[in-house]
Amino acid sequence: MALSVVAIKAAKSREKSYKLTDRDGLYLVIWPTGARSWKMNYRYLGKQKTLTFGQWPAVGLADARKKCDAARQVLARGEDPGELAKLERIAASVASANSFEAVADEYLAKIEKEGRSPVTMKKKRWLIGFIDKSIGKRPISAISAPELLLTLCKMEKKGKYETARRLRSTCSQIFRYAIATGRAERDVTVDLRGALIVPKAVHRPAITDASEVGGLLCAIESFDGHRTTQIALKLIPHVFVRPGELRHAEWTEFDLDANVWKIPAEKTKMRRPHAIPLSRQALEIIGSIEHNADYSRYLFPSLRSVQRPMSENTVNAALRRMGYAQEEMTGHGFRAMAATLLNEMGLWNPDAIERQLAHQDSNAVRRAYARGEFWEERVRMMQHWSDYLDQLRDGAKVLKGDFGQRATNSS
């Protein structure tokens, strides 16, 4: 007698499992725990075998019968439905391992082991998070250029042109990794070149007028915020490193006898070590820090925990407090300030300036011939730069502003 939903609901669990028979070998096992599993007995090449179709009520009576009928059709073709189900599970597992999401996770794990900074990893994961789940779960080899473009266009509709561009670039890296590991044949992002809106270049705000630089340095001198923040503000114009490199500066990176700060490769944008000659002024500023490595390994620790560096917003927040708007000056702007004024001096080899900024020449031949690093010239340049900054600061006159800290040059 065939089963009914009423009979299934009325069945009670017992001390031992038992089964309710339906038809064509299909039956429902009632377990002592109350769980109920659909199974089907069949014979293949003279051997008794069993298939499991899932649990009730997730798999209803009608669905279980459909699964049973499908298995019978496989038997009728002379195949083993159990082996076929096993192969389908393996195929699904392989497809899952080859999904865009899985390949992306592998790629991220790889570059993290290669020493990419936590900030870079955070940005990469943030970008990949914009990939639609529908695409993320699909085999990476099956994703087409138009399919990926739909996701990127959704970001463009929100005005996130630069984010869409960066995501295309990150997807390209993931596709190339998939090609290298045998899970894709080509990078479909190549077909998207010219399909995305090119964002307008936005230059980082920076003060590059000499008289205004003097006013900024004078404002830093009279900054009334936390002393650690003020010291960081004093130091960054003299070394003009990227703000993240300043925040993560550690005592072990400084050779104060040799007057040099050596930033390890894993902390730099270009992933190559970068050395900074320290002027007398820079050494004096560092010497004014009241703690050492016993208190915190960082020169500029967080106010909340000495185990972490200062917040990435600290320097910019201090500039805002001094009255400099976001479109006027940022922590990164000290680099543009130095690059502009050093080049205007006409005293220094432009390649030496670029190397001091830790920029990598796009020309491979030029890079090969730049191995000398222009070190001696950079040592002289950095001392001259600090002396110049002192002249600008000393020639500045503090004016009364909203915070009483902005200044201009008296000349």
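The values are calculated or read from the model by the stated rules, or taken from the named source; none is laboratory data. Since this is a predicted model, take the numbers as computed values, not measurements. Cβ sites come from the backbone with ideal geometry, for glycine too, and all protein chains shown count toward neighbours.
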Given the criteria of a type outside the set (Phe, Trp, Tyr), surrounded by 14 or more Cβ atoms within 10 Å (Cβ to Cβ) and within 48 Å of the chain's Cα centre (by Cα), does Gly25 qualify? no
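Can you work out which of the residues in the range 270-317 that are small (Gly, Ala, Ser) and part of a loop (DSSP other than H, G, I, E, B) is farthest from Phe374 (Cα to Cα)?
The first filter runs over the range 270-317 and keeps only residues small (Gly, Ala, Ser), leaving 275, 279, 282, 287-288, 293, 296, 302, 305, 311, 317.
Subsequent filtering for residues that are part of a loop (DSSP other than H, G, I, E, B) retains 279, 288, 293, 296, 302, 305, 311.
Details: Ser279: 16, Ser288: 29, Ala293: 31, Ser296: 33, Ser302: 35, Ser305: 39, Ser311: 33 Å.
That would be Ser305.
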All-but-one check, Ile197 against (1) assigned by TED's automatic domain parsing to the domain that holds Glu290; (2) surrounded by fewer than 18 Cβ atoms within 10 Å (Cβ to Cβ), failing number (1)
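Considering only residues of the range 271-285 that are in contact with a helix residue (DSSP H, G or I) (Cβ under 6 Å, 6 or more places away or on another chain) and not charged (D, E, K, R), which is nearest to Arg116 (Cα to Cα)? So that I can check it myself, show each step before the final result.
Narrowing the range 271-285 to residues in contact with a helix residue (DSSP H, G or I) (Cβ under 6 Å, 6 or more places away or on another chain): 271-273, 276-277, 279, 281-282, 285.
When the remaining residues are screened for being not charged (D, E, K, R), the result is 273, 276-277, 279, 281-282, 285.
Numbers: Pro273: 13, Ile276: 21, Pro277: 25, Ser279: 30, Gln281: 32, Ala282: 28, Ile285: 30 Å.
Residue satisfying both the conditions and the ranking: Pro273.
Does Glu328 fit the bill of being outside any helix (DSSP H, G or I) and charged (D, E, K, R)? Quick ask: steps written out before the conclusion?
On the way: outside any helix (DSSP H, G or I): yes; charged (D, E, K, R): yes.
For Glu328, the condition - outside any helix (DSSP H, G or I) and charged (D, E, K, R) - is met.
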Being within 30 Å of Met329 (Cβ to Cβ), surrounded by 14 or more Cβ atoms within 10 Å (Cβ to Cβ), aromatic (Phe, Trp, Tyr) and in contact with a helix residue (DSSP H, G or I) (Cβ under 8 Å, 6 or more places away or on another chain) narrows Phe223, Phe130 down to just Phe223
Subset of the range 139-148, residues touching an Asp or Glu at 6+ places or on another chain (Cβ under 7 Å) and in a loop (DSSP other than H, G, I, E, B), comes to none
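Right, Ala35: at pLDDT 90 or above and either within 30 Å of Ile135 (Cα to Cα) or exposed (fewer than 14 other Cβ atoms within 10 Å of the Cβ) (or both) or not? It would help to see each step written out before you state the result.
Details: at pLDDT 90 or above: yes; either within 30 Å of Ile135 (Cα to Cα) or exposed (fewer than 14 other Cβ atoms within 10 Å of the Cβ) (or both): yes.
Yes, satisfied.
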The one condition in (1) surrounded by 20 or more Cβ atoms within 10 Å (Cβ to Cβ); (2) part of a loop (DSSP other than H, G, I, E, B); (3) small (Gly, Ala, Ser) that Gly323 fails to fulfil: (1)
Please pick out the residue among Ser288, Ser305, Ser311, Ser296 that is under 27 Å from Glu112 (Cβ atoms) and surrounded by fewer than 13 Cβ atoms within 10 Å (Cβ to Cβ). Ser305
Assigned by TED's automatic domain parsing to the domain that holds Ile276 and crowded, with 16+ Cβ neighbours inside 10 Å: which single residue out of Leu246, Leu167 fits that description? Leu246
Just one of the numbered conditions (1) under 16 Å from Ser169 (Cβ atoms); (2) surrounded by 15 or more Cβ atoms within 10 Å (Cβ to Cβ); (3) touching a Leu at 6+ places or on another chain (Cβ under 9 Å) is not true of Ala64; which one? (1)
Are there any pairs, at least 6 apart or on different chains, whose C-beta atoms fall under 7 Å, with the first in the range 146-158 and under 9 Å from Leu196 (Cβ atoms) and the second of a type outside the set (A, V, I, L, M, F, W, C) and assigned to a helix (DSSP H, G or I), and if so, which? Leu152/Arg168
Which of the residues that make up the range 101-139 are modelled with pLDDT of 85 or more and of a type in the set (A, V, I, L, M)? Ala102, Val103, Ala104, Leu108, Ala109, Ile111, Met121, Leu127, Ile128, Ile131, Ile135
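Okay, residues lined up against (1) closer than 29 Å to Leu319 by Cα; (2) in contact with a strand residue (DSSP E or B) (Cβ under 7 Å, 6 or more places away or on another chain); (3) not in a helix (DSSP H, G or I):
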site	(1), (2), (3)
Ala104	no, no, no
Leu150	no, no, no
Glu162	yes, no, no
Tyr177	no, no, no
Ala184	no, no, yes
Pro205	yes, no, yes
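Which residues, counting only those in the range 122-138, are part of a helix (DSSP H, G or I), over 9 Å from the mean Cα position of the chain (by Cα) and of a type in the set (A, V, I, L, M)? Before the answer, list the steps.
Of the residues in the range 122-138, the ones part of a helix (DSSP H, G or I) are 122-128, 133-136.
The next check asks that each one be over 9 Å from the mean Cα position of the chain (by Cα); those that pass are 133-136.
Selection gives Ile135 alone.
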